[in-house]
Amino acid sequence: AKLAGKNCYRYYSRAMDHAVERRVHMEQELRGAWERGELHLVYQPIYRTRDRRLVGVEVLLRWQHPQLGAIPPSVFIQVAEQSGLIEQLGPKVLRAACMEARRWEAVAGGEQLFVSVNVSPRQLRNGDLSDVVVACLAESGLPASRLHIELTETAVIGDEMLAASLLDKLHRHGVKVWLDDFGTGFSGLSHLRQVPVDGVKIDKSFVADMQRDPDDLALTTAIIAMCHALGITVVAEGIEQEAQFDLLAQRSCDLVQGYWLGRPLSSTQLVQLLKTSP
Ligand code: C2E
Ligand code: CA
Ligand code: CA
Ligand code: CA
């Protein structure tokens with residue numbers, strides 16, 4: 001038994017070394033990936049529920065590595081956050097998104113589209129995000145009203161004061177802030193009191209379970225009602241079926257996003273979509 005235990009330990013230790021190695025390798029590869037053109041942005045359509053009109057897009061980062069292939073953001077964003085690389089990468093995403101959004105103005109309907117950009121907790125703690133935002137808006141010429149920032153609850157937890165003062169600055173410039181993955185943090189209610197956000201994005205786990213789990217449906221219904229009472233916009237993400245859309249529409253969820261409505265698109269594909277949208 002002792003021997004087996006030892007082997008076991010060795011096995012796990014080797015497996016762990018391997019994981020650490022992979023991580024370090026990925027971090028090295030991620031450094032300079034933007035400059036090498038391996039990173040690009042895609043844009044997932046966001047629709048107004050009422051009339052199913054395309055009103056905005058969420059910006060999502062993609063990494064296509066020459067040898068490793070497509071690496072999912074769930075993997076590399078974490079590496080970028082833990083290594084601190086996100087502090088260089090985040091502003092590049094923000095800037096590129098603002099520049100791109102300006103180009104859509106040339107297409108009918110594109111002059112009204114908002115871009116919603118994910119911002120990592122780390123970007124909040126180090127340096128002034130509002131300075132970066134203001135610089136990107138000035139450089140691109142994008143009106144502030146067309147830029148939204150998505151913050152996760154974890155970005156807000158722990159330092160509500162910092163988050164509140166940042167939000168205040170962004171608001172004064174006219175930028176909207178949405179709380180992402182809402183409902184997963186267990187403390188959503190208290191955050192809405194302390195951190196005055198403009199919108200919440202109901203996490204896709206609620207949407208996924210809504211039809212079979214009455215609790216999830218009840219929570220979704222309650223979140224929408226509560227947000228509306230507070231004057232907060234509600235976005236639901238991860239809509240994969242018409243039935244989910246219908247349930248959310250019945251409950252007056254303001255905006256919707258998901259594979260059933262539209263997959264993330266390249267900028268060219270988005271322009272095409274605008275051209276063919278009524
Ligand atoms: P998120 O902010 O919650 O983004 C939504 C994720 O759900 C995206 O995954 C999107 O492709 C996916 N999704 C959209 N519709 C559906 C659907 O109908 N069903 C399902 N199952 N999934 C759907 P993605 O692109 O893999 O991104 C994963 C996460 O990586 C994002 O979650 C976000 O936290 C992070 N991320 C992506 N791009 C950036 C970025 O530029 N900056 C930062 N800080 N984080 C990013
Ligand atoms: Ca998001
Ligand atoms: Ca989300
Ligand atoms: Ca559930």
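Cα gyration tensor of region 90-171, axes a ≥ b ≥ c as square roots of the eigenvalues: rounded (a/c below 1.5), prolate (a/b > b/c) or oblate? Since a/c reaches 1.5 and a/b is larger than b/c, the shape of region 90-171 is classed as prolate. Measuring with a 1.4 Å probe in the full set of protein chains, what accessible area per residue, in whole Å², belongs to the chain? The answer is 51 Å² per residue.
Taking all protein chains together and rolling a 1.4 Å probe, Arg263 ends up with roughly 140 Å² accessible.
Any idea how many Lys pairs in the chain come in under 26 angstrom at the alpha carbon, given 8 or more places apart or on separate chains?
Lysine pair count for the chain: 6.
The Stokes-Einstein estimate for region 130-242, based on a Kirkwood radius over Cα pairs and taken at 20 °C with 1.002 mPa s viscosity, is a diffusion coefficient of 144 µm²/s. Taking a ≥ b ≥ c as the square roots of the eigenvalues of the Cα gyration tensor, region 72-211 is rounded, since a/c falls below 1.5.
How much of the accessible area of the chain, probe 1.4 Å, is carbon plus sulfur, in whole percent?
Using a 1.4 Å probe with all protein chains present, the chain comes out at 54 percent carbon and sulfur.
Counting only alpha carbon atoms, the long axis of helix 160-173 and the longest principal axis of the chain meet at about 40°. In percent, rounded to a whole number, the relative contact order of the chain is 18, using alpha-carbon pairs under 8 Å and six or more apart.
For region 261-278, 3J(HN,Hα) computed residue by residue from phi via the Karplus equation (6.51, -1.76, 1.60; θ = phi - 60°) reads 8, x, 7, x, 10, 6, 4, 4, 5, 5, 4, 4, 4, 4, 5, 9, 6, x Hz, glycine and proline entered as x. Taking all Cα-Cα distances within the chain, those exceeding 30 Å account for 35%. Karplus-based coupling profile of region 70-87, in residue order and whole Hz: 7, 9, x, x, 4, 8, 7, 5, 5, 4, 5, 6, 5, 8, x, 4, 4, 5, with θ = phi - 60° in 6.51 cos²θ - 1.76 cosθ + 1.60 and x standing for Gly or Pro.
So for region 1-128, averaging the separation of alpha carbon pairs under 8 Å that are six or more residues apart and normalising by length, what relative contact order in percent results? Write out the running numbers ahead of the final one.
On the way: 124 pairs, mean separation 28.0, N = 128.
Reported relative contact order: 22 percent.
Counting only protein chain heavy atoms and rolling a 1.4 Å probe, the accessible areas of Trp63, Trp34 rank, largest first, as Trp34, Trp63.
The values are calculated or read from the model by the stated rules, or taken from the named source; none is laboratory data. Since we're looking at a predicted model, the values are computed, not measured. Heads up: the accessible areas ignore ligands, DNA and RNA and are worked out on the full protein's heavy atoms, side chains in. Shrake-Rupley method; radii C 1.70, N 1.55, O 1.52, S 1.80 Å.
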